[in-house]
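Undergrad: Handing you this structure, nothing more for now.
The values are calculated or read from the model by the stated rules, or taken from the named source; none is laboratory data. Source: prediction; values computed, not measured. As a convention, Cβ positions derive from the backbone with ideal geometry for all residues, glycine included, and neighbour counts pool all protein chains shown. Heavy atoms of the whole protein, side chains included, go into the accessibility calculation; ligands, DNA and RNA do not. Shrake-Rupley method; radii C 1.70, N 1.55, O 1.52, S 1.80 Å.
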Amino acid sequence: MARILYGKEFAARIKASAEHGAIALRAHGVNPCLAVIIVGNDPASEVYVRNKEKACAELGIRSNHIPLPAETTREELLACIDELNADEEVHGILVQLPLPAPLSESSEEVLSRIDPRKDVDGFHPVSVGHLFLGTPGLRPCTPAGCIRMLEYAGIRMEGAHAVIIGRSNIVGKPMAMLLLERHATVTLCHSRTENLAAITREADILVAAVGQPHFVTADMVKPGATVIDVGINRIAPKKLVGDVDFEAVEKVAGAITPVPGGVGLLTVAMLMENVVQAAKAQTEAKGE
Ligand code: GUN
């Protein structure tokens, strides 16, 4: 039976580190603040945003909730971001995705409008550039949280073969860069990969970020491998499952994250860490 990597345990350690940073900032008279913009009323997005605000409250980080109507125009949203960029009391800006249509067509422009110093999601082209170069910057929360979990859990990345399924900008691609930085050998697979199971069976670390329930089956996993399930799929009104067939894969894997209760908690914790990191960098830049 695999070791279950509960997100709660690792998220608590990330949050403790963020809280420590927030306390140090407050001692200098700086109150870390995250602004969260949510456009429209997508129920899943509303839950995610609530979780982010709850984490802020828990750690004494200020959160500025900005709900905008679904009819918000591109110009209005950009103006809102400009205002937050100019506000010195706001250290992090997050635009919850997905944006509703037709705004969704402008997602890249919207994310690029955020001041890169406040880009706590790590989606701005400048942040992506830093990630690619391995230079300091804000890293996307989900993959960065997974890396912290692997470190805390003592799972070897150096020299390991890490296989990622899914090439999204939010998870797959940044995860590949972060694992590479930890000296893993990385294979990035996607929907057109041939002989997928033969590749995943070679993985010491397997990351599933596909968005399809039960996509990863036991025959795709090497005995003893670490399996990280990034999927969140709603298969019934109150039933969330990941991308991994947990019951079957748990019998083969060496370690595995559950859904719910796994990676999702790491994402929120890492966001708190990014807000503190951003606030610290902005404070230092002002010479305070
Ligand atoms: N929607 C799903 N995941 C994310 C995320 O990490 N950040 C934002 N802003 N929106 C999301």
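Undergrad: Quick one: which of 178, 206, 196 is farther than 25 Å from residue 153 by Cα, in contact (Cβ under 8 Å) with a residue 24 or more places away in the chain, open to solvent by less than 50 Å² (accessible area, probe 1.4 Å) and out of contact with any His (no Cβ under 6 Å at 6 or more places or on another chain)?
TA: Working: 178 fails: farther than 25 Å from residue 153 by Cα; 206 fails: farther than 25 Å from residue 153 by Cα.
So the residue among 178, 206, 196 that is farther than 25 Å from residue 153 by Cα, in contact (Cβ under 8 Å) with a residue 24 or more places away in the chain, open to solvent by less than 50 Å² (accessible area, probe 1.4 Å) and out of contact with any His (no Cβ under 6 Å at 6 or more places or on another chain) is 196.
Undergrad: I've got another one for you. Among the residues of the range 87-108, what is the count of those that are in contact with a helix residue (DSSP H, G or I) (Cβ under 9 Å, 6 or more places away or on another chain) and within 15 Å of the ligand (Cβ to nearest atom)? Give the derivation first.
TA: From the range 87-108, those in contact with a helix residue (DSSP H, G or I) (Cβ under 9 Å, 6 or more places away or on another chain) are 88, 90-99, 102-103, 105-106, 108; that's our starting set.
Now restrict to residues that are within 15 Å of the ligand (Cβ to nearest atom): 92-99, 103, 106, 108.
Residues flagged as in contact with a helix residue (DSSP H, G or I) (Cβ under 9 Å, 6 or more places away or on another chain) and within 15 Å of the ligand (Cβ to nearest atom) within the range 87-108 amount to 11.
Undergrad: Determine whether the range 139-158 contains at least one residue that is over 18 Å from the mean Cα position of the chain (by Cα), of a type in the set (D, E, K, R) and assigned to a strand (DSSP E or B).
TA: no
Undergrad: Next question. So which residues in the range 107-129 are among the aliphatic types (A, V, I, L, M), open to solvent by less than 10 Å² (accessible area, probe 1.4 Å) and either outside any helix (DSSP H, G or I) or in contact with a Phe, Trp or Tyr (Cβ under 6 Å, 6 or more places away or on another chain) (or both), if there are any at all? Full working, then the answer.
TA: At the first step, the residues of the range 107-129 found to be among the aliphatic types (A, V, I, L, M) are 110-111, 114, 120, 126, 128.
Next cut, open to solvent by less than 10 Å² (accessible area, probe 1.4 Å) only: 110, 114, 120.
Across the range 107-129, the qualifying residues are 114, 120.
Undergrad: With the checklist (1) within 22 Å of the chain's Cα centre (by Cα); (2) open to solvent by 60 Å² or more (accessible area, probe 1.4 Å) in hand, flag the one item residue 219 doesn't pass.
TA: (1)
Undergrad: Out of all the residues in the range 173-196, which are hydrophobic (A, V, I, L, M, F, W, C) and closer than 22 Å to residue 123 by Cα? Walk me through how you get there before you give the answer.
TA: To start, the set of residues in the range 173-196 that are hydrophobic (A, V, I, L, M, F, W, C) comprises 175-180, 184, 186, 188-189, 196.
Passing the criteria: 175, 176, 177, 178, 179, 180, 186, 188, 189.
Undergrad: Going through the range 63-86 one residue at a time, which ones are charged (D, E, K, R) and in contact (Cβ under 8 Å) with a residue 24 or more places away in the chain?
TA: Quick first cut of the range 63-86, residues charged (D, E, K, R) only: 71, 74-76, 82-83.
Matches in the range 63-86: 74, 82.
Undergrad: Test of understanding: among 31, 41, which residue is open to solvent by 60 Å² or more (accessible area, probe 1.4 Å), at negative phi and within 16 Å of the ligand (Cβ to nearest atom)? Lay out the reasoning, then the answer.
TA: Numbers: 31 fails: within 16 Å of the ligand (Cβ to nearest atom).
Going through 31, 41 in turn, the sole match is 41.
Undergrad: Among 230, 241, 207, 263, which is the only one that is under 18 Å from the mean Cα position of the chain (by Cα) and more than 16 Å from the ligand (Cβ to nearest atom)?
TA: Details: 230 fails: more than 16 Å from the ligand (Cβ to nearest atom); 207 fails: more than 16 Å from the ligand (Cβ to nearest atom); 263 fails: more than 16 Å from the ligand (Cβ to nearest atom).
241 is the lone residue from the list that is under 18 Å from the mean Cα position of the chain (by Cα) and more than 16 Å from the ligand (Cβ to nearest atom).
Undergrad: Among residues belonging to the range 130-147 that are away from the ligand (no atom under 15 Å from the Cβ) and open to solvent by 30 Å² or more (accessible area, probe 1.4 Å), point out the one that is farthest from residue 9 (Cα to Cα).
TA: Once the filter is applied, the top-ranked residue is 133.
Undergrad: Another question about this same structure. Can you pull out every residue in the range 223-250 that is in contact with a strand residue (DSSP E or B) (Cβ under 8 Å, 6 or more places away or on another chain) and either of a type in the set (D, E, K, R) or open to solvent by 30 Å² or more (accessible area, probe 1.4 Å) (or both)?
TA: From the range 223-250, those in contact with a strand residue (DSSP E or B) (Cβ under 8 Å, 6 or more places away or on another chain) are 225-235, 240-246, 249-250; that's our starting set.
Passing the criteria: 229, 232, 234, 235, 240, 243, 245, 246, 250.
Undergrad: Something else: For the range 219-288, which strands (runs of 3 or more DSSP E) that fit wholly inside it have 2 or more residues that are touching a Lys or Arg at 6+ places or on another chain (Cβ under 9 Å)? Let's see the steps before the verdict.
TA: On the way: elements: 226-229, 233-236, 239-241.
Counting at least 2 such residues, we get 239-241.
Undergrad: Give the range 122-174 a look and list any residue that's farther than 27 Å from residue 197 by Cβ and in contact with a His (Cβ under 6 Å, 6 or more places away or on another chain), or say none.
TA: Listed by number, the list holds a single entry, 137.
Undergrad: So, residue 60, is that one open to solvent by 20 Å² or more (accessible area, probe 1.4 Å), touching a residue at least 24 places away in the same chain (Cβ under 8 Å) and in contact with a helix residue (DSSP H, G or I) (Cβ under 7 Å, 6 or more places away or on another chain) or not? Don't jump to the end; show me each part of the working.
TA: On the way: open to solvent by 20 Å² or more (accessible area, probe 1.4 Å): yes; touching a residue at least 24 places away in the same chain (Cβ under 8 Å): yes; in contact with a helix residue (DSSP H, G or I) (Cβ under 7 Å, 6 or more places away or on another chain): yes.
Yes, satisfied.
Undergrad: Residue by residue through the range 111-129, note down the ones that are free of Cβ contacts under 8 Å to residues at least 24 places away in the same chain and either among the hydroxyl-bearing types (Ser, Thr, Tyr) or within 14 Å of the ligand (Cβ to nearest atom) (or both). Working first, answer last.
TA: Going through the range 111-129, the residues free of Cβ contacts under 8 Å to residues at least 24 places away in the same chain turn out to be 111-112, 116, 124-127, 129.
Hits for the range 111-129 are 111, 112, 124, 127.
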